[in-house]
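*Asks:* Below you'll find the structure I mean.
The values are calculated or read from the model by the stated rules, or taken from the named source; none is laboratory data. This structure is a prediction, so every number in the text was calculated from the model and none was measured. Here the Cβ positions follow ideal geometry from the backbone for every residue, glycine too, while neighbour counts run over all protein chains shown.
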Amino acid sequence: MRLQDKVAVVTGAASGMGKSIAEVYANEGAKVVLVDLNFEGVEEVARAIQNTGGEAKAVSANVAKREDVENMIDTAVEAYGTLDILVNNAGIMDLMEPVGDIVDDKWDQIMDVNVKGVMMATRKAVPIFREQGQGTIINTASTGGLNGAHAGASYAASKHAVVGLTKNTAFMYAQEGIRCNAIAPGAVETNIMNEEAMKNVNQFGGSRTRLAQSVIPRTGKPEEIAKVALFLASDDSSFVNGDVIVADAGWTAAF
Ligand SMILES: NC(=O)c1ccc[n+]([C@@H]2O[C@H](COP(=O)([O-])OP(=O)(O)OC[C@H]3O[C@@H](n4cnc5c(N)ncnc54)[C@H](O)[C@@H]3O)[C@@H](O)[C@H]2O)c1
């Protein structure tokens, strides 16, 4: 068991990669707090973990709301005594809009969830990690946070910001036993781009990103990202800090 008795908070755990990460962590002995806007969804995942003998607790939270974010960390500490691992995974996509077509409210929403949520959760976790002299943060960025061709302008900007926040956090606390890394997944089979959203994709932006999509070697499964998140949470990655691990079957090797 690579995470025996570690306490982990995983956001966006009702679906996709967050769900897989929570399941893998629980399987490896972690006590997991599953966080999502979709409370029924995380309750179901938590119950399934408990039914197989794992430790899990579901929490309803909007990661864009400060009180919710603080409550999710407080809940972990109250339930399990501390916090060792924070996975900032909850995130939303744009509709491939280029900057010329951005609507202010949509920009704000994407920044609040994808960037401010990561900052607020990390800010709340850091004092706990500093006090105990150890802690690990894993942020779900995206290949869209490494180049300009995989999404719209808002999503690309938000995920580039996540990469910057990851590196700065890693550097700032590097001498205090705290590690902060990101995963940059390529195209993964989750619910992030549902059929309804696909119908509303920006025509011009969508046609530009299709250029890059045409060289996707294959899509990934959430479990393939969860294995990377396990590596980053465990001592196997003890010397890895401030890094962005790309998991995309070679997509960004081309574009
Ligand atoms: N699927 C991909 O191809 C892909 C690629 C690169 C990066 N990502 C990133 O991976 C992360 C996980 O996404 P996924 O693909 O598993 O999507 P998903 O939609 O299957 O899961 C995301 C979960 O986050 C929750 N969520 C959304 N907004 C929230 C909020 N404000 N507060 C709390 N929970 C919220 C949703 O309810 C959902 O359960 C996101 O950060 C996304 O940007 C996805």
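*Asks:* On the basis of being without any contact (Cβ under 8 Å) to a residue 60 or more places away in the chain, more than 15 Å from residue 12 (Cβ to Cβ), among the small types (Gly, Ala, Ser) and out of contact with any Phe, Trp or Tyr (no Cβ under 6 Å at 6 or more places or on another chain), does residue 54 make the cut?
*Replies:* Values: without any contact (Cβ under 8 Å) to a residue 60 or more places away in the chain: yes; more than 15 Å from residue 12 (Cβ to Cβ): yes; among the small types (Gly, Ala, Ser): yes; out of contact with any Phe, Trp or Tyr (no Cβ under 6 Å at 6 or more places or on another chain): yes.
Yes: the conditions hold for residue 54.
*Asks:* Sticking with this one: For residue 156, state whether it is crowded, with 16+ Cβ neighbours inside 10 Å, without any contact (Cβ under 8 Å) to a residue 40 or more places away in the chain, within 14 Å of the ligand (Cβ to nearest atom) and among the aliphatic types (A, V, I, L, M).
*Replies:* yes
*Asks:* Got at least one residue in the range 121-132 being within 14 Å of the ligand (Cβ to nearest atom) and part of a helix (DSSP H, G or I)? Talk me through it step by step, then tell me what you get.
*Replies:* Here is the first cut: in the range 121-132, the ones within 14 Å of the ligand (Cβ to nearest atom) are 121.
After this cut, where a residue has to be part of a helix (DSSP H, G or I) as well, the list is 121.
Looking through the range 121-132, at least one residue is within 14 Å of the ligand (Cβ to nearest atom) and part of a helix (DSSP H, G or I).
*Asks:* Looking only at the range 133-153, how many residues end up being away from the ligand (no atom under 11 Å from the Cβ), small (Gly, Ala, Ser) and farther than 21 Å from residue 214 by Cβ?
*Replies:* Number of matching residues: 2.
*Asks:* I've got another one for you. Check residue 168 against each of (1) closer than 26 Å to residue 130 by Cα; (2) at pLDDT below 95 and name the one condition it does not meet.
*Replies:* It fails just one condition, (2).
*Asks:* Which ones in the range 74-90 are outside any helix (DSSP H, G or I) and among the hydrophobic types (A, V, I, L, M, F, W, C)? Quick ask: steps written out before the conclusion?
*Replies:* Keep residues of the range 74-90 that are outside any helix (DSSP H, G or I), which gives 81-90.
Matches in the range 74-90: 83, 85, 86, 87, 90.
*Asks:* Just need a number here: residues in the range 42-73 that are within 14 Å of the ligand (Cβ to nearest atom) and either surrounded by fewer than 20 Cβ atoms within 10 Å (Cβ to Cβ) or part of a loop (DSSP other than H, G, I, E, B) (or both). It would help to see each step written out before you state the result.
*Replies:* Our first condition is that a residue be within 14 Å of the ligand (Cβ to nearest atom); within the range 42-73, this holds for 42-46, 58-73.
Remaining after also requiring either surrounded by fewer than 20 Cβ atoms within 10 Å (Cβ to Cβ) or part of a loop (DSSP other than H, G, I, E, B) (or both): 43-44, 60-68, 70-71.
Adding up the residues that qualify gives 13.
*Asks:* I'm trying to understand the selection: among the residues of the range 109-134, which are touching a Gly at 6+ places or on another chain (Cβ under 7 Å) and among the small types (Gly, Ala, Ser)?
*Replies:* Passing the criteria: 125, 133.
*Asks:* How about the range 110-124: which of its residues are touching a residue at least 40 places away in the same chain (Cβ under 8 Å) and surrounded by fewer than 16 Cβ atoms within 10 Å (Cβ to Cβ)? Before you say what the answer is, go through the steps one by one.
*Replies:* First, the residues of the range 110-124 that are touching a residue at least 40 places away in the same chain (Cβ under 8 Å): 110-122, 124.
Listed by number, the list holds a single entry, 119.
*Asks:* Have a look at 105, 94 and point out the one that is farther than 19 Å from residue 245 by Cα and assigned to a helix (DSSP H, G or I). Walk me through how you get there before you give the answer.
*Replies:* Values: 94 fails: assigned to a helix (DSSP H, G or I).
Sole residue among the options that is farther than 19 Å from residue 245 by Cα and assigned to a helix (DSSP H, G or I): 105.
*Asks:* Quick check on my filter: what residues within the range 1-41 are surrounded by fewer than 24 Cβ atoms within 10 Å (Cβ to Cβ), away from the ligand (no atom under 16 Å from the Cβ) and part of a helix (DSSP H, G or I)?
*Replies:* Matches in the range 1-41: 27 only.
*Asks:* What are the residue pairs meeting all of these: first residue in the range 125-147, first residue touching a residue at least 12 places away in the same chain (Cβ under 8 Å), second residue among the hydrophobic types (A, V, I, L, M, F, W, C) and assigned to a loop (DSSP other than H, G, I, E, B), Cβ atoms under 8 Å, and 6 or more apart or on different chains?
*Replies:* The qualifying pairs are 125/83; 128/83; 129/83; 135/83; 142/151; 144/151; 147/255.
Here is a yes/no grid of residues against (1) within 16 Å of the ligand (Cβ to nearest atom); (2) surrounded by fewer than 16 Cβ atoms within 10 Å (Cβ to Cβ); (3) in contact (Cβ under 8 Å) with a residue 60 or more places away in the chain:
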| position | (1), (2), (3) |
| --- | --- |
| 178 | no, no, no |
| 194 | yes, yes, no |
| 207 | no, yes, no |
| 210 | yes, yes, no |
| 215 | yes, yes, no |
| 219 | yes, yes, no |
| 222 | yes, no, yes |
| 225 | yes, no, yes |
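*Asks:* Looking only at residues in the range 164-176 that are within 16 Å of the ligand (Cβ to nearest atom) and more than 20 Å from residue 227 (Cα to Cα), which one is farthest from the chain's Cα centre (by Cα)? Steps first, answer last, please.
*Replies:* Here is the first cut: in the range 164-176, the residues within 16 Å of the ligand (Cβ to nearest atom) are 164-166.
Keeping just the survivors that are more than 20 Å from residue 227 (Cα to Cα) gives 164-165.
Numbers: 164: 14, 165: 13 Å.
Out of the qualifying residues, it is 164.
*Asks:* Related question: Would you mind telling me which numbered condition in (1) more than 11 Å from the ligand (Cβ to nearest atom); (2) crowded, with 24+ Cβ neighbours inside 10 Å; (3) within 19 Å of residue 196 (Cβ to Cβ) residue 105 fails?
*Replies:* Going through (1) more than 11 Å from the ligand (Cβ to nearest atom); (2) crowded, with 24+ Cβ neighbours inside 10 Å; (3) within 19 Å of residue 196 (Cβ to Cβ) one by one, residue 105 breaks only (2).
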